[in-house]
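Single-structure report; data block below.
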Amino acid sequence: MPFGVNAAPEEFGFKLHEHLSDLQGVEVLREDILMIGSGDTLEEATVDHDENLNKMMMMMMMMMMMMMMMNLLLIELTRV
């Protein structure tokens, strides 16, 4: 965190918005993630919500995997 622990919540919210703002049905409010589904019926809205949730979860999993790979690479580079 560039400005210490005091800026951590704002930085976290900014990073969430940066990475998730392109996903349909996802709104970032500070450090909270709001999932939205829409449709003409409750069933359609529920299906849309679940699809949006799955897309967001896949994005988060890919980001976590990339972070883990970068950490492993850094560990290997420090051993050299």
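The values are calculated or read from the model by the stated rules, or taken from the named source; none is laboratory data. Model, not experiment: these values are computed from the prediction. So basically every Cβ, Gly included, is an ideal-geometry build from the backbone, and we count neighbours across all protein chains shown. Note: accessible area is taken over every heavy atom of the protein model, side chains too, but ligands, DNA and RNA are not part of it. Shrake-Rupley method; radii C 1.70, N 1.55, O 1.52, S 1.80 Å.
When you check A7 against the structure, is it at pLDDT 90 or above and assigned to a helix (DSSP H, G or I), yes or no?
no
If you go through region 1-46 one residue at a time, how many are on the phi > 0 side of the Ramachandran plot and exposed (fewer than 10 other Cβ atoms within 10 Å of the Cβ)?
1
With respect to M63, determine if the residue is under 13 Å from the mean Cα position of the chain (by Cα), part of a helix (DSSP H, G or I), at pLDDT 90 or above and of a type outside the set (K, R).
no
In region 12-38, how many residues are in a helix (DSSP H, G or I) and under 16 Å from L53 (Cβ atoms)?
Of the residues in that region, 3 qualify.
Kindly establish whether M69 is more than 13 Å from the chain's Cα centre (by Cα) and part of a helix (DSSP H, G or I).
Criteria met by M69.
Looking only at region 28-46, filter to residues that are touching a strand residue (DSSP E or B) at 6+ places or on another chain (Cβ under 9 Å) and of a type in the set (V, I, T); which one of those is farthest from E10 (Cα to Cα)?
I36
If I filter region 59-79 for residues that are touching a residue at least 12 places away in the same chain (Cβ under 8 Å) and over 20 Å from P9 (Cβ atoms), do I get at least one hit?
Yes: region 59-79 contains one or more residues that are touching a residue at least 12 places away in the same chain (Cβ under 8 Å) and over 20 Å from P9 (Cβ atoms).
Conditions first: (1) open to solvent by 90 Å² or more (accessible area, probe 1.4 Å); (2) in contact with a strand residue (DSSP E or B) (Cβ under 8 Å, 6 or more places away or on another chain). H49 passes all but one, so which condition is the exception?
(1)
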